[in-house]
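The values are calculated or read from the model by the stated rules, or taken from the named source; none is laboratory data. For clarity, every value in this text was computed on a predicted model and none was experimentally measured. FYI the Cβ positions are ideal-geometry reconstructions off the backbone, even for glycines, and counts take in every protein chain you see.
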Amino acid sequence: MNEELELLMQEISAGQVEATVSNTEIIVYLILMLAFYLYVAFALMTLAKKMGVDKSWFAFIPVANLYLMSKMAKMHWWPVTLVVLSPIPILGQLLGLVLVVYVVIWMWEIFKYFKKPGWWSVLMVIPLANIAYYVLLGITAWGKDEVGNRTSLSSEKEEEDTQESK
């Protein structure tokens with residue numbers, strides 16, 4: 001018994017027990033991140049199906065899910081190509097910020113389609129408030145269906161321009 005206790009004390013002093021705890025924390029973290037990713041993917045896929053967008057399963061594929069968002073918003077998909085340039089120092093970070101702006105705009109349009117406030121999409125970039133964004137995303141995906149007319153930011157501007165010219 002004394003030998004076992006002495007062995008345990010040696011392991012603790014060698015840091016082996018701490019490594020086990022940190023490995024457990026990493027595994028728990030990875031499981032939580034996988035669950036979170038699946039939640040967002042299922043929500044995005046559900047929204048895409050409700051909108052009648054083809055290939056809703058793209059929601060589960062990194063980068064392809066960005067393409068799916070652009071198609072759901074009925075906007076250009078080319079900003080997704082900015083992901084390819086993200087490894088470039090400094091330029092990649094700036095282009096990453098541009099991509100984030102496009103994702104917010106795409107989600108704004110998606111929320112508008114479901115007659116939800118577009119500003120909900122801005123919550124995704126605000127620390128701690130982004131938790132509310134993911135809850136609202138789930139409410140939009142699995143809540144009561146309210147589908148509006150497909151108007152985009154560009155078509156609204158065109159309508160305003162035609163009204164001004166009259």
Residue in region 132-153 that is at positive phi and in a loop (DSSP other than H, G, I, E, B) present = no
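Quick one: which residue in 87, 79 is farther than 25 Å from residue 131 by Cβ, at pLDDT below 95 and surrounded by 11 or more Cβ atoms within 10 Å (Cβ to Cβ)?
One residue alone meets the criteria, 79.
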Check off (1) farther than 21 Å from residue 143 by Cβ; (2) not in a helix (DSSP H, G or I) for residue 103 and give me the number that stays unchecked.
-> (2)
For region 47-65, name all the residues that are of a type outside the set (Ser, Thr, Tyr), without any contact (Cβ under 8 Å) to a residue 40 or more places away in the chain and on the phi < 0 side of the Ramachandran plot.
-> 48, 49, 53, 54, 57, 58, 59, 60, 61, 62, 64, 65
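Examine region 90-99 for a residue that is touching a residue at least 24 places away in the same chain (Cβ under 8 Å) and closer than 22 Å to residue 135 by Cα, and state whether such a residue exists. Explain how you work it out, then say what you get.
Filtering region 90-99 for residues touching a residue at least 24 places away in the same chain (Cβ under 8 Å) gives 99.
Next, from what is left, pick out any that are closer than 22 Å to residue 135 by Cα: none.
So far as region 90-99 goes, no, none of its residues is touching a residue at least 24 places away in the same chain (Cβ under 8 Å) and closer than 22 Å to residue 135 by Cα.
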Please enumerate the residues belonging to region 116-133 that are under 17 Å from residue 97 (Cβ atoms) and either touching a Cys at 6+ places or on another chain (Cβ under 8 Å) or exposed (fewer than 11 other Cβ atoms within 10 Å of the Cβ) (or both).
-> 127
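Conditions (1) touching a helix residue (DSSP H, G or I) at 6+ places or on another chain (Cβ under 7 Å); (2) within 14 Å of residue 107 (Cβ to Cβ); (3) surrounded by fewer than 11 Cβ atoms within 10 Å (Cβ to Cβ); (4) at pLDDT 95 or above, marked per residue:
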| site | (1), (2), (3), (4) |
| --- | --- |
| 21 | no, no, yes, no |
| 25 | no, no, yes, no |
| 28 | no, no, yes, no |
| 32 | no, no, yes, yes |
| 38 | no, no, no, yes |
| 43 | yes, yes, no, yes |
| 59 | yes, yes, no, yes |
| 69 | yes, yes, no, yes |
Per-region count, region 66-116, residues within 15 Å of residue 44 (Cα to Cα) and of a type in the set (Gly, Ala, Ser) | 2
